[in-house]
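Enquirer: First the structure, which I've put down as structure tokens, then a few questions once you've had a look.
The values are calculated or read from the model by the stated rules, or taken from the named source; none is laboratory data. A quick note: this is a predicted structure, and the numbers were derived from the prediction, not measured. Here the Cβ is made from the backbone with ideal geometry for all residues, glycine too, and neighbour counts use every protein chain on show.
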Amino acid sequence: MHPRLIECLAAAELHFRSDPRCAGMFLHGSIGRGETDAYSDIDVCAVIEDEHYEDVKAEMRAVCERLFGPIVIWLPEGEQPRYCNFAFLFEHGDELLLTDFDIVARSLFVAWNRPPDRVLWDRDGLLSQATRAPGPQPGLSGERLLRLIDTYWVYAYLDGKYMRRGDVFKMLYVQQTLFQVHVRMLCGHQTGDEGVWWAGDMARLSEHDRHRLLGYFSAADTDRVAEALSRCLDRFSEDAQRVCADLDAPYPIDRELAVRKHLAAMGLPVRT
């Protein structure tokens, strides 16, 4: 794991330990399982007392920017009344690093009744005593469009480390996710409904769009996936900018450029 991520995790643990509104923290993902490598990211969760959940949630971006560094993309995911995952990319010098920081209300953590992978600290034994269902998809508003664009570029970022690892299967997983986000954006824009099953939703798109989207599945080794990714990033950017213009929403070009710079630094053949 990147040394800066280890430093940031220690700073976050110290901050939340000193906050009486927090009941404990735990790790999950590869760091929780003790399976990190040089390209692993942080997956951490703070359990918040119910009466303070909304206040802590409102402070999260400012707190994370202070503890981690300048945030380039801030992506709340899987949000529920008592849970949210904040995936964010932040700058460290010329590098771009990723963290997934969950917060969950105490009552929901109890309802989960799921032992954490690795407890960092546990104020009153709650964590040691011990899913989310996705909410309904909204229509394609300008806000929803920007969420899809942020989702796309956060997942595109992941291909940097998977390319370095030579892990073609995880690259294909990212390719699949990028493809599905691209399809949802086009379907939502053209039909007002993002759809529920991409294989069926493709029939709702034009022959031109279907042909362009096949580019996501044109490869099955790391070098060819990387080449396909480069073409697909360009196509997504073109489509997303067109949809933004149609909806009179600003396209966040700075986020795209930050991810492209990172992927190029990781050795992928992408335009910067």
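Enquirer: Among the residues of segment 213-224, are any of a type in the set (Phe, Trp, Tyr), at pLDDT below 90, within 27 Å of Ala87 (Cβ to Cβ) and touching a Cys at 6+ places or on another chain (Cβ under 9 Å)? Write out each step before concluding.
Expert: Taking segment 213-224 as the starting set, the residues that turn out to be of a type in the set (Phe, Trp, Tyr) are 216-217.
Okay, now just the ones that are also at pLDDT below 90, so 216-217.
Then keep just the ones that are within 27 Å of Ala87 (Cβ to Cβ); that gives 216-217.
From what's left, touching a Cys at 6+ places or on another chain (Cβ under 9 Å): 216.
The answer is yes; a qualifying residue exists.
To keep it simple, each residue is scored yes or no on (1) of a type outside the set (A, V, I, L, M); (2) modelled with pLDDT of 95 or more; (3) in contact with an Asp or Glu (Cβ under 6 Å, 6 or more places away or on another chain).
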{"position": "Arg4", "(1), (2), (3)": "yes, yes, no"}
{"position": "Cys8", "(1), (2), (3)": "yes, yes, no"}
{"position": "Ala11", "(1), (2), (3)": "no, yes, no"}
{"position": "Gly34", "(1), (2), (3)": "yes, no, no"}
{"position": "Glu51", "(1), (2), (3)": "yes, yes, no"}
{"position": "Lys57", "(1), (2), (3)": "yes, yes, no"}
{"position": "Ala62", "(1), (2), (3)": "no, yes, no"}
{"position": "Arg66", "(1), (2), (3)": "yes, yes, no"}
{"position": "Pro70", "(1), (2), (3)": "yes, yes, yes"}
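Enquirer: Restricting attention to segment 192-209, report how many residues are over 17 Å from Val243 (Cβ atoms) and modelled with pLDDT of 90 or more.
Expert: Qualifying residue count for the region: 1.
Enquirer: What's the total number of residues in segment 78-115 that are closer than 16 Å to Glu256 by Cα and loosely packed, with under 14 Cβ neighbours inside 10 Å?
Expert: Going through segment 78-115 one residue at a time, the tally reaches 2.
Enquirer: Out of the residues in segment 233-272 that are more than 26 Å from His189 (Cα to Cα) and of a type in the set (A, V, I, L, M, F, W, C), which is nearest to the chain's Cα centre (by Cα)?
Expert: The qualifying residue nearest to the chain's Cα centre (by Cα) is Leu263.
Enquirer: Tell me the residue from Leu5, Leu9, Leu14, Leu75 that is out of contact with any helix residue (DSSP H, G or I) (no Cβ under 7 Å at 6 or more places or on another chain), crowded, with 16+ Cβ neighbours inside 10 Å and within 26 Å of Ser107 (Cα to Cα), please. Before the answer, list the steps.
Expert: On the way: Leu5 fails: within 26 Å of Ser107 (Cα to Cα); Leu14 fails: crowded, with 16+ Cβ neighbours inside 10 Å; Leu75 fails: out of contact with any helix residue (DSSP H, G or I) (no Cβ under 7 Å at 6 or more places or on another chain).
Being out of contact with any helix residue (DSSP H, G or I) (no Cβ under 7 Å at 6 or more places or on another chain), crowded, with 16+ Cβ neighbours inside 10 Å and within 26 Å of Ser107 (Cα to Cα) holds for just one of Leu5, Leu9, Leu14, Leu75, which is Leu9.
Enquirer: Pairs under 8 Å by beta carbon, first residue within 24 Å of Arg165 (Cα to Cα) in segment 1-23, partner charged (D, E, K, R) and surrounded by 13 or more Cβ atoms within 10 Å (Cβ to Cβ), six or more apart or different chains?
Expert: Met1/Asp41; His2/Glu95; Arg4/Glu95; Leu5/Asp41
Enquirer: Scanning segment 231-265 for residues that are touching a Lys or Arg at 6+ places or on another chain (Cβ under 8 Å) and surrounded by 18 or more Cβ atoms within 10 Å (Cβ to Cβ), which turns out nearest to Leu145 (Cα to Cα)?
Expert: Per the stated criteria, the residue is Leu233.
Enquirer: Kindly indicate whether Arg114 is at pLDDT 95 or above, out of contact with any helix residue (DSSP H, G or I) (no Cβ under 8 Å at 6 or more places or on another chain) and either part of a strand (DSSP E or B) or not assigned by TED's automatic domain parsing to the domain that holds Pro252 (or both).
Expert: Values: at pLDDT 95 or above: no; out of contact with any helix residue (DSSP H, G or I) (no Cβ under 8 Å at 6 or more places or on another chain): yes; either part of a strand (DSSP E or B) or not assigned by TED's automatic domain parsing to the domain that holds Pro252 (or both): yes.
No.
Enquirer: Oh, and also: Can you name every residue in segment 137-154 that is of a type in the set (A, V, I, L, M, F, W, C) and modelled with pLDDT under 85?
Expert: Filtering segment 137-154 down to residues of a type in the set (A, V, I, L, M, F, W, C) leaves 140, 145-146, 148-149, 153-154.
Result: Leu140, single match.
Enquirer: Which condition does Leu120 not pass, out of (1) exposed (fewer than 15 other Cβ atoms within 10 Å of the Cβ); (2) touching a strand residue (DSSP E or B) at 6+ places or on another chain (Cβ under 8 Å); (3) not in a loop (DSSP other than H, G, I, E, B), if it passes all the others?
Expert: All conditions pass for Leu120, except number (1).
Enquirer: Same structure again: Specify the residue that is surrounded by the fewest Cβ atoms within 10 Å (Cβ to Cβ); the eligible residues are those in segment 173-197 that are over 23 Å from Gly160 (Cβ atoms) and in contact with a Cys (Cβ under 9 Å, 6 or more places away or on another chain).
Expert: The selected residue is Asp193.
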